[in-house]
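For reference, the structure is listed below as structure tokens.
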Amino acid sequence: MKKTFIIVFLLLTGIVPTIAQEVSFQAKLSKRSLGLNERLRVDFIMNKNGDNFTPPNFTGFRVVGGPNQSISNSWVNGKRSFSKTYTYFLTPTQKGALTIAQATINIAGETYKTTPQKITVTEAVEVPRDPNSPEYLIDDNLHLVAEISNTQPYLNEAITVVYKLYFRNPLRISDGRAVENPKFADFWSHNIDIAQLKVEDGTYKGEPYNMVIWKKSVLYPQKTGKLSLEPLSLNLVIDLPSNRRDFFGNRILQQSNRTVTAGRRTINVKPLPENGKPANFFGAVGQFNFDALLNKKSLKASESFEIKLKVSGTGNLKLFNIPALVLPNTLEIFEPEHIENVKTNLLGMQGSIEDNYTVVPRFQGKYPIPPLSFSYFDPKKQQYFTLRSSEQIVDVFGGPLSNNSSQGKTPTLSNPLITNTDESFRFIKLRPNLQPIVQEKFWKSKLFYGLMVAPLLLLIAFILLMQRNRRISGDVEGSRLRLANRLSKKYLGEAKKNLTDKPLFYDALERALYNYLKSRLKISTDDFSKEKISEILADKNLNRDEIKSFIDLLENCEAARYAPASDTKMKQDFDDALTVIANIDKKL
């Protein structure tokens, strides 16, 4: 009886508490606030085994790992402890307040849900590296840097921002896209197009790296003080070696997603100096030339001439106005035509801007074009400069005299505006010498006979085309040859497009070779053996070297499914295929 009592007591103390234990199903987060380039670990933990686990949709996040399942089952002092965990690794795809929704599971016929979890995602931050992390290689060999030409520019002085991605062995970048692009607030900005991302040799902190120039921008600050440049963030797919090896002993690569950022940068913009600033300074910053050009210096009254004010050089050409032209009242001046011929590169805006004025004199006389001045600030020399055009005189003859000027006297800017409506538009012809248009008759004209003959010519052309199509359709051998050429060109074209993708390249190349033989040499599908192909090619008077080259190509395509192939090897196989097909065509 005593022994039985002890056994019953142990069963009651070990099993009954486990049965009475309440069901727990909850979500635990590794952190509540993280940057755009950080990772979040989410654990869904239950204390009893369940079925039909359904995770949330993780809106605003991308799953980069998981679900990983772990089970813990132990007995301690007669008490059973059970835990089952589903683990996910997430990276955010946007900033702001995000929510991880409820997960559900069925335990003992009942449905349980976790509580929604609130997450705050901030801008990308510099994450401390963990030497014990398996992705330490990425942290140590991957860097995104924003190189700024000048962090203390003057107002409206050009600066360049070049975003460079540095990486080195054993890392390889297989894909990437921008998660967050800088807006460049408080700057006039221009992005320089990069036709294709290229891997170049570079140096990072004195060590050799592979480098990709990801983005290039030219900025002109429009405010003074400390201005902030938002960071550029990239999401990259990285291939890195694992501890496993394939059948041939080569290390197997594993992929990892990583978000990298160039970090926020601050630009301290200096105001333009007030000391020595000219009164006619309109905000031009750079190095410029200034010209005032006339297309005529002698003309009749009521004819027109042009005055071109041109500013050329390097600087903020699109961000200031050319000084206005002021002329005597007796010269009628029209609104200028503004022309820009400006290109933007890493040196800033380069080219010229022009204001072209059309001027019409009403009276004869000698009209002075007063000199114009243009001022700019040179940030390299930190000094203001003023350029002046030379005074020019326009001689107007053959028109009426102004009431306030005599023959040979130069009008001044203070002369009152004089209008003479009878003489203002003498340059317009009021008696043009117009000739009537003689319309040719349509009846029995060339167009008439052409339209009559055209249907007959079209009918003859249609009959000839139908006869040609019938001859082509009846020529079975010719059709087979044309089909062979089309198939070989089609599949060889696909192989050429996929020179960087080994499986697709060798699949297309193999189909090109087999389809070419099938149509060109009338080989049926059942005869696709190397011995049969060698026999038929030998019957076509091909020598042993040519036959061996073709068979070697087929064997390379088959072996490429199981063995790695370099880009150089794939290019060599493609060139050999072109040569072999050309030799067969010559012999046949």
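The values are calculated or read from the model by the stated rules, or taken from the named source; none is laboratory data. A quick note: this is a predicted structure, and the numbers were derived from the prediction, not measured. Glycine gets a Cβ as well: all are built from the backbone with ideal geometry, and neighbour counts include every protein chain shown.
At a glance:
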item	result
Members of the stretch 320-341 found to be crowded, with 16+ Cβ neighbours inside 10 Å and closer than 25 Å to N191 by Cβ, listed by number	F320
Cross-chain or 6+ apart pairs with Cβ under 6 Å, the stretch 357-372 first and assigned to a loop (DSSP other than H, G, I, E, B), then of a type in the set (S, T, N, Q)	R362/T330; F363/T330; F363/S402; P371/S389; L372/S389
Scope the stretch 568-588; condition of a type in the set (S, T, Y) and free of Cβ contacts under 8 Å to residues at least 12 places away in the same chain; matching residues	T568
Members of the stretch 90-106 that are in a strand (DSSP E or B), touching a residue at least 40 places away in the same chain (Cβ under 8 Å) and crowded, with 18+ Cβ neighbours inside 10 Å	L90, T91, P92, I100, I105
Test result for A484, surrounded by 14 or more Cβ atoms within 10 Å (Cβ to Cβ), within 18 Å of M570 (Cβ to Cβ) and modelled with pLDDT under 75	no
The stretch 323-338, residues that are over 17 Å from K310 (Cα atoms) and assigned to a strand (DSSP E or B)	L331, E332, I333
Whichever residue in the stretch 135-151 is part of a loop (DSSP other than H, G, I, E, B) and modelled with pLDDT of 90 or more and, among such residues, is farthest from V218 (Cα to Cα)	T151
Residue within the stretch 182-201 that is among the hydroxyl-bearing types (S, T, Y), closer than 24 Å to K318 by Cβ and assigned to a strand (DSSP E or B) present	yes
Answer residue from the stretch 155-187, given it is of a type in the set (F, W, Y) and touching a Phe, Trp or Tyr at 6+ places or on another chain (Cβ under 7 Å) and is nearest to K270 (Cα to Cα) among those	F187
Pairs with Cβ under 6 Å, 6+ apart, first in the stretch 152-172 and within 22 Å of K223 (Cβ to Cβ), second of a type in the set (S, T, Y)	L155/T224; N156/Y220; A158/Y220; I159/S149; T160/S149; V161/S217
Filter result (in a strand (DSSP E or B), among the basic types (K, R) and at pLDDT 75 or above) within the stretch 238-270	R258, R265, K270
Criterion: assigned to a strand (DSSP E or B) and surrounded by fewer than 16 Cβ atoms within 10 Å (Cβ to Cβ) - qualifying residue of N73, N57	N73
Single unsatisfied condition, G315 versus (1) over 19 Å from P221 (Cα atoms); (2) surrounded by 15 or more Cβ atoms within 10 Å (Cβ to Cβ)	(1)
Selected residue [part of a helix (DSSP H, G or I), modelled with pLDDT of 80 or more and either under 35 Å from the mean Cα position of the chain (by Cα) or more than 27 Å from R251 (Cα to Cα) (or both)] from D575, D585	D575
Residue in the stretch 244-251 that is buried (at least 16 other Cβ atoms within 10 Å of the Cβ) and of a type outside the set (G, A, S) present	no
Enumeration of residues in the stretch 264-281 that are within 39 Å of the chain's Cα centre (by Cα) and either of a type in the set (S, T, Y) or surrounded by 14 or more Cβ atoms within 10 Å (Cβ to Cβ) (or both)	R264, R265, T266, I267, V269, K270, L272, F281
Conditions (1) modelled with pLDDT of 85 or more; (2) in a strand (DSSP E or B); (3) under 21 Å from T115 (Cβ atoms): number failed by P67	(1)
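One line per residue, one yes/no per condition, for (1) modelled with pLDDT of 90 or more; (2) within 26 Å of the chain's Cα centre (by Cα):
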residue: K308; (1), (2): yes, no
residue: F320; (1), (2): yes, no
residue: V326; (1), (2): no, no
residue: I339; (1), (2): yes, no
residue: K343; (1), (2): yes, yes
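The rows are residues; the columns are (1) more than 22 Å from I307 (Cβ to Cβ); (2) surrounded by 11 or more Cβ atoms within 10 Å (Cβ to Cβ); (3) at pLDDT 85 or above; (4) in the same structural domain as T160 (by TED's automatic domain parsing).
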{"position": "T358", "(1), (2), (3), (4)": "no, yes, yes, no"}
{"position": "I369", "(1), (2), (3), (4)": "no, yes, yes, no"}
{"position": "R426", "(1), (2), (3), (4)": "no, yes, no, no"}
{"position": "Q435", "(1), (2), (3), (4)": "yes, no, no, no"}
